[in-house]
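Novice: First the structure, then my questions, so here it is.
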Amino acid sequence: MKRFFKYKSINTPSPVGAALSYLVLGFWSLLVLFPLYWLFVTSLKIPSQVAEGPFYIPYADFQPSLHAWKYILFGDLSRDTLRTYMNTLIVAPTSAFIALILGTTSAYALVRFEYRPRIGAILTFIGCIALAVLAVVLHVPWQIAVAVALAVYIILLQTIGRRYKRALGNNDIAFWMISQRMLPPIAIVIPIYILFQRLHLLDTHIALIITYVTSTLPIVIWLMRDYVSTLPIELEECAAIDGASRYRIFWSIILPLSIPGLVATFLFVLVFTWNEYLLALFLSSAKTQTLPLTVAAQNATRGPQWWYMSVLILIMIIPVILIAIVLERYITRGLLIGAVKG
């Protein structure tokens, strides 16, 4: 009896332990995969079957139908589906790619360079921005307001700003960046809406891209900063001795070694921008509407149309799932890197 509970090695559990492990993993897999199965089953039902259900097994509990798929892909909603799908394909990957480029370079700079911005200079800059905003509110032309605020900032920086010796470090800068994600989006969506309204950029791809890049940039910097810090600096020092410039070191050494982290971070940001709803609700209309808004629109006056929702959700998540499957080995390495540091 003891042999059923005895471990053969540190990597080989006992038969009872293996059976319990597979039981727990199977139960957890069922919890994770059942919502996807339910979406698929619901997409094959007609409205009456959804109302009379629940039915779980096609052909056994109910007769499957492609009514919802035909309506979404080829019927009255096909043009709206194609337009919103293309908008999502344009906005989400573009935003994730730009955020990845800017965030990776910033993360590398925070790891390899030492920054000591003085608090006095920062407070002076904030005060000059407030001065420029106040001048614009008082109907001063914004060109004059910006020029005056810049001149005042330079003068104060050369006089009063030098007296403040206290400075911030790289860790303070990194924490300030990630703290930008602590505010809920609903707290800033109205100022963002007014900003793009004044710039006449509402219902455009560029407004969504700028907003998504800004909102995801702190996440990219935080993740890539942790990844770059695990790369040995000796490689860069050897390249510098051979005459490589800082830019050559970054593009030829850092980026190739950071591929797992880049892939994991890109997918993480892509999922965020792909599924984002609140900002798209305020900044887009019929022209640049994205897929999450189309899914939410199926909650009509007659109630949620679950069969149409299921089809839209499936075609929305399938590309991300396929990307995750293809890049799985890079994602695993990228997410686990740094876990064994120190």
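The values are calculated or read from the model by the stated rules, or taken from the named source; none is laboratory data. As the structure is a prediction and not an experimental result, all values here were calculated from the model. As a convention, Cβ positions derive from the backbone with ideal geometry for all residues, glycine included, and neighbour counts pool all protein chains shown. Remember, those area values only see protein heavy atoms, side chains included, never the ligands or the DNA or RNA. Shrake-Rupley method; radii C 1.70, N 1.55, O 1.52, S 1.80 Å.
Novice: Relative to the present Cα-Cα distance, how much length would full extension add between residue 22 and residue 329 at 0.36 nm per residue of separation?
Specialist: Values: separation 307, 0.36 × 307 = 110.52 nm, distance 2.24 nm.
108.3 nm is the gain from fully extending residue 22 to residue 329.
Novice: With n ≥ 4 as the cut-off for DSSP H runs, can you work out [θ] at 222 nm for the chain, using -39500 (n - 2.57) per run divided by the number of residues, rounded to the nearest 500?
Specialist: -21500 deg cm²/dmol
Novice: Quick one: how many Å² of residue 136 are accessible to a 1.4 Å probe, rounded to 10?
Specialist: 70
Novice: According to a simple spin-label model (label point 7 Å from Cα along Cα-to-Cβ), what is the distance in nm between residue 63 and residue 37?
Specialist: 2.5
Novice: Could I ask something else about it? Semi-axes of the equivalent ellipsoid of the range 32-106: what are they in whole Å, largest first, if each equals the square root of 5 times a C-alpha gyration tensor eigenvalue?
Specialist: On the way: eigenvalues 265, 65, 11 Å².
The equivalent ellipsoid of the range 32-106 has semi-axes of 36, 18, 7 Å.
Novice: Something else: Keeping all protein chains in position, work out how much accessible area residue 67 exposes to a 1.4 Å probe, and write it in Å² to the nearest 10.
Specialist: Rounded to the nearest 10, that gives 70 Å².
Novice: I'd like the FRET efficiency for residue 101 and residue 51, computed as 1/(1 + (r/R0)^6) with the beta carbon distance as r and R0 of 35 Å, rounded to 0.05. List each step's numbers first, then the result.
Specialist: Values: r = 49 Å, r/R0 = 1.40.
Between residue 101 and residue 51 the formula returns 0.10.
Novice: Equivalent-ellipsoid semi-axes (√(5λ), Cα gyration tensor) for the range 67-168, whole Å, largest first?
Specialist: Working: eigenvalues 456, 111, 16 Å².
They are 48, 24, 9 Å, listed from largest to smallest.
Novice: Using a 1.4 Å probe on the protein heavy atoms only, what accessible surface does residue 43 show? Give it in Å² to the nearest 10.
Specialist: Taking all protein chains as shown, residue 43 has close to 0 Å².
Novice: Compute for the chain: radius of gyration divided by Kirkwood radius, i.e. Rg/Rh, restricted to C-alpha atoms, rounded to two decimals.
Specialist: Values: Rg = 26.6 Å, Rh = 24.8 Å.
Expressed as Rg/Rh, it is 1.07.
Novice: At 0.36 nm per residue, and after removing the present C-alpha to C-alpha distance, how many nm does the segment from residue 90 to residue 238 gain when stretched out fully?
Specialist: Details: separation 148, 0.36 × 148 = 53.28 nm, distance 4.06 nm.
Going from the current span to full extension adds 49.2 nm.
Novice: Between residue 252 and residue 183, what's the calculated FRET efficiency when r is the beta-carbon distance and R0 is 41 Å? Round to 0.05. Please report the intermediate quantities before stating the final value.
Specialist: Numbers: r = 38 Å, r/R0 = 0.93.
For residue 252 and residue 183, the calculated efficiency is 0.60.
Novice: Now for a different question. Quick check: convex hull over the Cα atoms of the range 222-332, volume per residue in Å³, rounded to an integer?
Specialist: Details: hull volume 15.9 nm³, N = 111.
Here the figure is 143 Å³ per residue.
Novice: While we're on this one: Around residue 169, what is the net charge, scoring Lys/Arg as +1 and Asp/Glu as -1 over all other residues with Cβ under 9 Å from its Cβ?
Specialist: On the way: positive: 116; negative: 114, 172.
Every neighbour counted, the sum reads -1.
Novice: Separation between the residue 83 and residue 199 pseudo-spin-labels, each 7 Å from Cα along Cα→Cβ, expressed in nm?
Specialist: Modelled inter-label distance: 2.4 nm.
Novice: How do 172, 203, 242 rank by accessible surface area computed with a 1.4 Å probe, from largest to smallest?
Specialist: Details: 172 80, 203 35, 242 135 Å².
Per-residue accessible area, sorted high to low, gives 242, 172, 203.
Novice: Mark the label point 7 Å from the Cα of residue 113 along Cα→Cβ and return the residues of the range 216-248 whose backbone N is within less than 16 Å of it.
Specialist: Hits in the range 216-248 for residue 113 at 16 Å: 221, 225, 245-248.
Novice: Taking the alpha carbon gyration tensor of the range 159-253, what are the square roots of 5 times its eigenvalues, largest first, to the nearest whole Å? Please report the intermediate quantities before stating the final value.
Specialist: Values: eigenvalues 239, 92, 45 Å².
Sorted largest first and rounded, they come to 35, 21, 15 Å.
Novice: Does the range 2-127 classify as rounded, prolate or oblate by the C-alpha gyration tensor (a ≥ b ≥ c root eigenvalues; a/c under 1.5 gives rounded; else a/b over b/c gives prolate, otherwise oblate)? Could you put the intermediate results ahead of the total?
Specialist: Values: a/c = 3.57, a/b = 1.22, b/c = 2.93.
Judged from the Cα gyration tensor, the range 2-127 comes out oblate (a/c at least 1.5, b/c at or above a/b).
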